[in-house]
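Here the structure is laid out as structure tokens; the discussion comes afterwards.
Coordinate-derived values only; no laboratory data. As the structure is a prediction and not an experimental result, all values here were calculated from the model. Cβ: placed from backbone, ideal geometry, glycine included. Neighbour counts: every protein chain shown.
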Amino acid sequence: MTSRLATAARTGAAVLTFVLCAPAATALANPAVDAVEDFFAWARATGTTVADYESLTETGPNEAILRGARLAWKFDFEIFDQRIEAELSIDSPETRLFGANSDGDGVAFGRFEQPGVHEIRLTGTITEDGKPQPLDLTVRQYDLVAENMYQAYWTLEEAPERPASRFIPLIRSGLRNSADSISVRAIEATTQMPDGARGTERQERISMTGLADGRLEEYRVGQSLSETEVLAEEAGGAVTLRQEYGESVSTGMDIKPMLRLLGVLPADQAVGERILDHSEFNDLRVSTPFFTAAISKASADGFEIDADAQPFDIFPLLDQAMLGTFSETYAEDDLVALGRQALTSLESVTIAKVDVGGIAATADEVTTSLDSMSMRDASYGGVGEFTLSGLSVRAVEQNTAVDLGRFRIADFDLPPLVSFLDFGLASQLREPTLTEILAVMPMLGRMEIEDVKVATDALSGPIALDRFRLSMRDFIAPIPTDIELRTEGLELPVSVIEEEEARQLFEALGLTAIRYDDEMRLRWDADDKTLTLDPMRMEIDGGGSIDMSVEIGGIPRIVFENPQQAQAAIATATINSARVEIRDAKLVSAFIAEQAAAADLSPETLALAMADQGASALGPLRDTPFGQSLHGAMKAFLVKPDHLIVTVEPKAPVPAMQILGLVATTPSMLPGLLNAAVAANP
């Protein structure tokens, strides 16, 4: 709602600023006087219900003062089953024109003044389902001054069959308007919308500089205040949203790329890409009955539309909507095609960077703050980088505190927007296939989380994380073929472990908190078709560690291109090597000690019995050299679980099909074929 009010206010200012415009060039005796007279003559001839003024006084060869001007138009049309009946009126007490002259295509003014209060008002009703709802918007402008302003002449053709697109020539002619500077002391807007919302907005110390060719070099507002009143059932009545801004400024604004994208300008017209160079606001304050919030500063840079973007001509659609023939004109297939075109056009919109700092919010018994948020290279196709820094949440309930040092994602790519439309249409008819699901999966290059701390009376101790990092590269869309994962310093109180036996193991080691670290990299080499897991390491401080590595050859590209055919890899896959290494497994000692106590045995007796039981489970492998070596290693390790190593290092890669065949026929040959070995406490 607030953004609508702001738009209305700025639009109102623009209308008042350029209220003096003529439909055609004339030979002017006094350009200032004749421009006003020509405009009102045109207005009376083209549908105004009111077009008059109290006086027009010539004050010099090319100067004049217009007093008591009033204009009004009535509108009555339907759009998307809503009937809109409204009147737009403009009241301009005084307009002063200095240094006027005409070039046949428009009028230039050395200086243009509108002192005092000038008012635009839009009143009427919006009727839906036979229920009229009031619409009332009033914009007041205080003390406008423009220097070296040029207003192009324009025409508005009568074309009832094109109620929207007939405005295109008018919009194009507006690109010829210019001004060195425009300043307004204040603009106020009040509104009542059909949904019952009421709002007011006031902007002060407004200035614009360098308007030419649809581009504005700078737009600045000293401060803004808005209040919106909406009906909220959960609050039992109306609630008020209040927003205050400090100074805001935007530079390098250009409307032409947007007009080209919407079909207003020819598709082959060179208009550049940049819509906005820079925009920022300071000291935002928001308050409601439910919460308060603040932002110290926010800025955006480099808002662009790709010069090669396919335009989406929206005006023919608006014509049909206003004529009430939209559903008759466009069948379902047409709407799908339009949706595809619109989504493709949206993908051309990009923004180089966004920065927000000093964010704070307070609600009932909860406070939140965020030092900064930043985004780089953002578009509907993804985000180059997104970062949150310095997040803090405090809640009265359970005396809860949550802190986050940094959260960052990078190289986040979304599939084409059309893919989501296709997925939605397919899902309406049947269960989507794996290929269709993969088509809408995003790709994430990197994610990092640092310095997490959670403390609450609901836990016996804090939860903390030093760092988590996930990195994915070399995608065969959308599946990564190189994945790295690392967790550093994850701390959890033992009490959060739900499984009682596992919790008792840590308690038996005298631990009240667990510190966990891990590291993993899984990558596929496209040249030699090798899939490698190395390293894979997990460690619990005071509980032990495990390191693993595996290399599998013969993995074809089709596994990633079409996972539904992944089983085809069995025919070509080979086992190249594998290794498992366990160190300082105090958790194993704790488990054996606990079980031994329950069975009234010594830990060593139980450990040896468990090793014997494991050997019996080896079946045909038990009496092989590897089986005997494994039995001995398990005895040594379970009695004293310091170090266990299991390796598979065949002299040549072993085909997976050969392994499956031996498992079914002569499994005792497997250890020799794979050159498997095991050692404990070497």
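Which entry is the computed percent of Cα pairs over 34 Å apart for this structure: (1) 65; (2) 53; (3) 80?
So the structure-derived entry is (1).
Just to check, using Stokes-Einstein with a Kirkwood Rh over alpha carbon pairs, what's the diffusion coefficient of region 231-353 at 4 °C and 1.567 mPa s in µm²/s?
The calculation lands on 72 µm²/s.
What is the distance in Å between the Cα centroid of region 462-480 and that of region 177-219?
Taking the Cα centre of each part, region 462-480 and region 177-219 sit 46 Å apart.
List the relative contact order of the chain as a percent without decimals, with contacts defined as Cα pairs under 8 Å and 6+ residues apart.
The normalised contact order for the chain reaches 5 percent.
Could you give the size of the charge dipole of the chain about its Cα centre, using +1 on the Cβ of each K and R and -1 on the Cβ of each D and E, expressed in debye and rounded to the nearest 20?
So the magnitude is around 760 debye.
Compute the separation of the alpha-carbon centres of region 418-449 and region 357-376 and state it in Å as a whole number.
32
Do the sum for the chain: with -39,500 (n - 2.57) for every DSSP H run of n ≥ 4, divided by all residues, what is the mean residue ellipticity at 222 nm, to the nearest 500 deg cm²/dmol?
Helix-only estimate at 222 nm: -7000 deg cm²/dmol.
With viscosity set to 1.002 mPa s at 20 °C, what whole-number translational diffusion coefficient in µm²/s follows for region 525-680 from Stokes-Einstein and a Kirkwood radius over Cα pairs?
Estimated via Stokes-Einstein, D reaches 122 µm²/s.
For residue 249 and residue 507 in one chain, what is 0.36 nm times their gap in residues minus the Cα-Cα distance, to one decimal in nm?
Separation in residues times 0.36 nm, less the Cα-Cα distance, equals 86.9 nm.
Among 426, 493, 293, whose Cα sits farthest toward the positive end of the charge dipole of the chain (+1 at Cβ of Lys/Arg, -1 at Cβ of Asp/Glu, about the Cα centre)?
My answer, from the dipole projection, is 493.
Please tell me the relative contact order of region 1-213 in percent, rounded to the nearest whole number, where contacts are Cα pairs under 8 Å and at least six residues apart.
Once divided by the residue count of region 1-213, the mean separation gives 18 percent.
Taking Cα centroids, how far is region 87-108 from region 564-623 in Å?
Here the answer is 91 Å between Cα centres.
For region 353-465, restrict the atom set to alpha-carbon positions and state the Rg and Dmax in Å.
Rg then Dmax for region 353-465, in Å: 19.0, 51.
I want to make sure I understand the PRE zone here: with the label point 7 angstrom from the Cα of residue 57 toward its beta carbon, which residues in region 74-97 have backbone N atoms less than 13 Å away?
94-97
So how much slack lies between residue 612 and residue 111, counting 0.36 nm per residue of separation and subtracting their Cα-Cα distance, in nm?
170.2 nm
Between residue 623 and residue 647, what is the FRET efficiency for a Förster distance of 22 Å, r being their Cβ-Cβ separation, to the nearest 0.05?
That pair, residue 623 with residue 647, gives E of 0.55.
Show me 496-503, 104-111 ranked by packing, highest mean number of other Cβ atoms within 10 Å first.
104-111, 496-503
For region 1-213, what is the per residue volume of the convex hull drawn over the alpha-carbon atoms, in cubic angstrom?
So the per-residue Cα hull volume is 120 Å³.
Once you charge only the Cβ atoms, +1 for Lys and Arg and -1 for Asp and Glu, what is the size of the charge dipole of region 434-476 about its Cα centre, to the nearest 20 debye?
In debye, rounded to 20, region 434-476 gives about 120.
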